[in-house]
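Visitor: Just passing along the structure, written as structure tokens.
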Amino acid sequence: MYVVKEGCPGCGNCRHVCPTGAITQDGIGVKIDEKCIDCGICVHYCPVRLIEAGPVPGQAVTTQEAPPRRKTVRNEPERGEE
């Protein structure tokens, strides 16, 4: 499911392209309801980029630490070996 972050100007671009009608006017901004099928079309039509993938209702939100970055080691020639 997608969510609309704070600051939506309510232009309606996303609402007009939603194939399921999951996006409705909510005061100044818009709201995405459970009819959302995660197609992502709305994301591409938001001129201020305030729509993003959000947590699925009823599922726990978990964070996962990124694995540690490995150092890149270059094999440089030793002095005198060029």
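The values are calculated or read from the model by the stated rules, or taken from the named source; none is laboratory data. On a predicted model such as this, the values are computed, not experimentally measured, just so you know. Backbone-built Cβ (ideal geometry, glycine too); neighbour counts: all protein chains shown.
Visitor: Every residue in region 28-43 that is touching a residue at least 12 places away in the same chain (Cβ under 8 Å) and of a type outside the set (A, V, I, L, M, F, W, C), please.
Guide: Within region 28-43, the first condition is being touching a residue at least 12 places away in the same chain (Cβ under 8 Å), and the residues that meet it are 28-32, 34-43.
Passing the criteria: GLY29, LYS31, GLU34, LYS35, ASP38, GLY40.
Visitor: Looking at (1) assigned to a loop (DSSP other than H, G, I, E, B); (2) at pLDDT 90 or above; (3) within 16 Å of the chain's Cα centre (by Cα), find the lone condition where THR20 falls short.
Guide: Unmet for THR20, out of (1) assigned to a loop (DSSP other than H, G, I, E, B); (2) at pLDDT 90 or above; (3) within 16 Å of the chain's Cα centre (by Cα): (3).
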